[in-house]
Amino acid sequence: MGSLRRVKRVCVLASGGFDSSALIADYLDRGFEVHPFFARSGFYWEKAELHWLKRFLRALKGRRLKPLTVADVPMNWIMGDHWSMTGRKVPSSRAAWDSVYLPGRNLLLLGQAGVYAATHGVGVVALGVLKGNPFADSSPKFLKDMQSAINDALRSRLSVEAPYTRLSKAQVSKRMGQLQTRFPLELTFSCLHPRGLKPCGRCSKCGETRTKLR
């Protein structure tokens, strides 16, 4: 990459799960400078999530992979004694799709990441929304509206991207196998009720991972 060519920068909303981890590796493979962004909100699973995310990023390495930013975006004032905070009555792998909805999650995430990106010279904020995501705060309209709101508020030219919205988890997995950048799948983590640093194997997220990576 020539010295006169401006490197594209992207802030990826990272959770340590398969989707956002794939997005980080994908953008690196495409020549972007990647700024991973983790929001710490007080959820039951975050300690394990952050542990595995840090391990994943250490395994990726690379000069275009920037240090992880951990932002405090507390949600306990919204969620109260919700299962996401207490770890009690966590939705199982048989639970309805809407049982894992967290009110306002993407609204707060994109707001925080947008401010970070706009004030650090990063032109893109990206999140790993997959095909079939049913939640309103992951819809193309919502993402477009958030992009406009961030740019209006900060007088910026930020883009909000969700490049996997037409791909299933299995299709993203296949895509990862074609990257030049190593993708350490074994270091990704997604579980609502971890046992220490290990997945429970019974929650909705564990069930989704088992099913959709096949």
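FYI, it's all coordinate maths here, none of it is from the lab. Please read all numbers here as calculations on a predicted model, not as lab measurements. Every residue, glycine as well, gets a Cβ built from its backbone with ideal geometry; the counts of neighbours run over all protein chains shown.
Data overview
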read-out	value
Proximal lysines relative to K8, as straight alpha-carbon distance under 28 Å, when same-chain residues fewer than 8 apart are discounted	K54, K61, K66, K131, K141, K144, K169, K174
Distance-filtered residues of region 26-57 - backbone nitrogen under 17 Å, label point 7 angstrom along R63 Cα→Cβ	28-35
Cβ crowding within 10 Å averaged over residues, with 139-147, 20-28 ranked highest first	20-28, 139-147
Packing rank of 61-74, 162-175, where each peptide gets the mean count of other beta carbons within 10 Å, highest leading	162-175, 61-74
Under the span-like rule (Cα at least 18 Å along the axis, Kyte-Doolittle mean at least 0.0), DSSP H helices of the chain	105-119
Cut-off under 5 Å, modelled amide H: who pairs with L65 long-range	V34
Computed lengthening from W97 to K8, 0.36 nm per intervening residue step minus Cα-Cα distance	28.5 nm
Value of [θ]222 nm, deg cm²/dmol, for the chain, DSSP H segments ≥ 4, -39500 (n - 2.57) each, nearest 500	-11500 deg cm²/dmol
Over region 9-212, volume per residue of the alpha carbon convex hull, in Å³	111
Relative contact order of region 9-212, pairs being alpha-carbon contacts under 8 Å that are 6 or more residues apart, as %	30
Spacing of the two label points (7 Å from each Cα toward its C-beta) at K174 and A71, in nm	3.5
Label-to-label distance, nm, for residues given as R40 and K89 (7 Å Cα→Cβ offset)	2.9
